[in-house]
Amino acid sequence: MELLKKIGKFLLGVVIGVAIMMFVDRYYVKGKRLVADNLPKEPVEYVNPYMGNISHLLVPTYPTVHLPNSMLRVYPERGDFTGDRLGGLPLIVTSHRGSSAFNLSPYQGDEAGLKPVIPYSYDREKIVPYRYQVYLDDANIEVDYAPSHQSAVYSLTFEKDGPAYLVFNSRNGELKCDGNTVSGFQYVDKKTKVYLYAETDKAPEQSGVLSGGTVKYGQSSVEGKDAALALAFGGQKKIGVRYGISFISTEQARKNLEREINSYDVNAIARIGRNEWNDALGKIQVSGGSENDKTVFYTSLYRCYERPVNLSEDGRYYSAFDGKIHEDGGHPFYTDDWIWDTYRATHPLRILIDKERETDIINSYLLMARQMGTNWMPTFPEVTGDSRRMNSNHAVATVIDAWRKGVRGFDLEKAYEAARKGIEEKTLIPWSAAPSGWLDEFYKEHGYIPALKPGEKETVANVSPWEKRQPVAVTLGTAYDEWCLSQIAAELGKKEDAEYFLARSYNYRNLFNPETRFFHPKDKDGRFIEGVDYRYSGGLGARDYYDENNGYVYRWDVQHNIGDLISLIGGNEAFTAALDSMFDTPLGMSKWQFYSFLPDHTGNVGMFSMANEPSLHIPYLYNYAGQPWKTQKRIRALLDQWFRNDLMGVPGDEDGGGMSAFVVFSMMGFYPVTPGSPTYNIGSPVFSDVKIDLGDGNVFEIVSEGASSDNKYVQSATLNGEELNQPWFDHSRITAGGVLSLKMGPKADKGWGAGSPPPSEN
């Protein structure tokens, strides 16, 4: 009897094992899951990294291979998507839109053909977030690659006859070879280095320095520009390469590799990466909509995980903000966050789906401020430090937005001081890290940044001859930042500070032209500049007055006090008419003329630019003026027109989640118009059901009955079972989870929500 039981268990195990093998065989090939008709696709299967790789003038996105918020990122080295040659194989991209640090060039044939970076013809390229595969068709080399967080693995298959080689290149640094290992560093800038430690699965027959077209065998180290080592492998047909990177040291790069990758199995690393992406993307589950809708959605969500990046390595990190290595105290250190873009929607999205990471990011800001020695909050933190790009100091918005939405893992008092100092002690001049000066004193006294008169020469130091003063953009952006400061001060019980900064948050009024009802540049004598055309004036990128966008876009750049803006423009009817006019006003000239001086102002619907971040909140402004149905109509139109599952599916600079988060929110059906205000505007959901994992077992669900391409208008709504006749809701209503139910229809219910606008300062 006992023997029969054992036989039975054995046979049961065999049956189960065979079933598993059949499942794996059916749905996975080389570690990649196949989709069967009866098996739902996983979130990562909807991601198309090629979406948006081409656009009107700019390169909106790159097909980036990486794990969520990880230090190691790569994409093919070529001019753009249509580039006919790959410049070797990348080992690390150090920043968004940056060139690669280090390069790997496999080669087979006559040694005379070796170069520090070999250009390749290529075919059959396939990129998913966690894997890169390509066939180098002239060289007849198969390439397969998968990344981890700080390391990665290549599998290279050589099909020709002849000796195989690997060339490692440092664009500007040092490389050393010892047996089957290559190590070294590359300068990212004058003070920041990135380190490499690489191993091959086979020992080379010989190795040496590649210089002047020849290999000097026996030499094991090289330094300088285009420093290159060549490893000769004889008749080997397949070579594995695994490597680690570090911003600390070569030894740390080795430790990072050994911690993450212990084999040369690309399939194994790809499976791990696939699971990590499904975990991240799966925090939002959508139903309904088309397959293309899901692709646009999950591709946009994937873009939101590109930045910032976690620089912690075994509890330590290198900070370019003081050039030192620090202990992280158990909390990851994040950098490479272009806050001018990401404060608007990327940070608010992270508050919903990844509070812990958002907390670590804000704490990283505070560390950066202290490490810089000024205690000024960063504006554009990168791996090389704070580049201080663009204008304004919007990290203050990420602080108050997180706090107002219940994030408590940082010191609000310290954040307030760093934000205040960054606004009051650092100059407001765009792209400058200088202390405050004459323009800043003028702003404090008069409440606006003065513009130069036509023909007037610039005399203020630190003003970039390219970026200019951007006086309207800086004035409006600083007014918003000071509103954020007032809200933090109020949270801290600093009544006088709160009142002071609240009064200053109205400084946008100082540039409002009551005759034209636009924000208008004003000279130092208090007179409006004459002859301004809000479509074209301001020089290249409109920077003499605005920034990258024209006066039509900056007309709405008062996120914190839309109620007052409505009053300035003349009430609800005049306000909605002005919005309509923006979408209706034509370019007035040929596209090539218009884009020759406003190259960032693409994705046009009239004077509206879907391609640039200051426009993102504008379609939701109808909610504030009694016409929510126009927000619903416009949002759907913009999503359909400008965000598609194709190479031109993003209208302009995406900026590492800055624009993609708008798509994520808008397709779900709501949007954070005013970071710092714990409220969301309702738009028009694309999906019939959305489930957002808020953490701690809490789920916020948006159920949109009848939602479709035709049914884009809200007919009625409930929130947590209670009737909702307003086009907005408060964050506090969803913190413990909840359900927003919307009934959708094909024609606008013009009465729904019309009498209950979202709150604003006025």
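A short reminder: the numbers here are calculations on the coordinates, not readings from a lab. In this text, all values refer to a predicted model and were calculated from it rather than measured experimentally. We place every Cβ from the backbone using ideal geometry, glycine too, and count neighbours over all the protein chains shown.
Computed quantities for the displayed model
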{"quantity": "Beta bridges by DSSP in segment 637-762, antiparallel share as percent, to the nearest 5", "calculated": "75"}
{"quantity": "Relative contact order (percent, whole number), the chain, Cα cutoff 8 Å, 6+ residue spacing", "calculated": "11"}
{"quantity": "Computed E for K202/H446 - FRET, C-beta separation, R0 56 angstrom, nearest 0.05", "calculated": "0.20"}
{"quantity": "Whether segment 514-631 is rounded, prolate or oblate, judged on the alpha carbon gyration tensor where a/c under 1.5 counts as rounded", "calculated": "oblate"}
{"quantity": "Chain lengthening between R389 and T157 when straightened (0.36 nm per residue, less Cα-Cα)", "calculated": "79.2 nm"}
{"quantity": "For the chain, share of DSSP beta bridges that run antiparallel, in % to the nearest 5", "calculated": "95"}
{"quantity": "Label-point separation, A461 to E291 (7 Å along Cα→Cβ), nm", "calculated": "6.3"}
{"quantity": "Ranked packing of 360-366, 53-59, most packed first, by mean Cβ within 10 Å", "calculated": "360-366, 53-59"}
{"quantity": "Helix-only [θ]222 nm of the chain, DSSP H runs n ≥ 4, -39500 (n - 2.57) each, per residue, nearest 500", "calculated": "-8500 deg cm²/dmol"}
{"quantity": "Amide hydrogen neighbours beyond the local backbone of K202, cut-off 5 Å, H modeled", "calculated": "G240"}
{"quantity": "³J(HN,Hα), Karplus 6.51/-1.76/1.60, whole Hz, each residue of segment 616-622, x for Gly, Pro", "calculated": "4, 7, 4, x, 7, 6, 4"}
{"quantity": "Computed over segment 396-498: relative contact order in percent, which uses C-alpha pairs under 8 Å that are six or more apart", "calculated": "29"}
{"quantity": "Fewest-first ranking of E199, E417, E313, E515, using other Cβ atoms within 10 Å as the exposure measure", "calculated": "E515, E417, E199, E313"}
{"quantity": "Efficiency of FRET from Cβ geometry, K283 and H56, R₀ 35 Å, rounded to 0.05", "calculated": "0.60"}
{"quantity": "Pairwise centroid distance, computed over Cα atoms, of segment 615-685 with segment 251-274, Å", "calculated": "38"}
{"quantity": "Sorted peptide list for 661-672, 375-386, 590-601, criterion being average Cβ within 10 angstrom, highest first", "calculated": "661-672, 375-386, 590-601"}
{"quantity": "Label-point separation, W438 to Y217 (7 Å along Cα→Cβ), nm", "calculated": "6.8"}
{"quantity": "Ranked packing of 683-695, 326-338, most packed first, by mean Cβ within 10 Å", "calculated": "683-695, 326-338"}
{"quantity": "Ellipsoid semi-axes in whole angstrom, largest first, where each is sqrt(5λ) of the Cα gyration tensor of segment 62-278", "calculated": "23, 20, 17"}
{"quantity": "In nm, spacing of pseudo-spin labels at D580 and K747 (7 Å Cα→C-beta vector)", "calculated": "1.9"}
{"quantity": "Exposure proxy order (Cβ contacts within 10 Å, fewest to most) of C304, C484, C177", "calculated": "C177, C304, C484"}
{"quantity": "Structure-derived Rg and Dmax of the Cα atoms in Å: which label, when the choices are (1) 29.6, 100; (2) 29.0, 123; (3) 27.6, 104", "calculated": "(3)"}
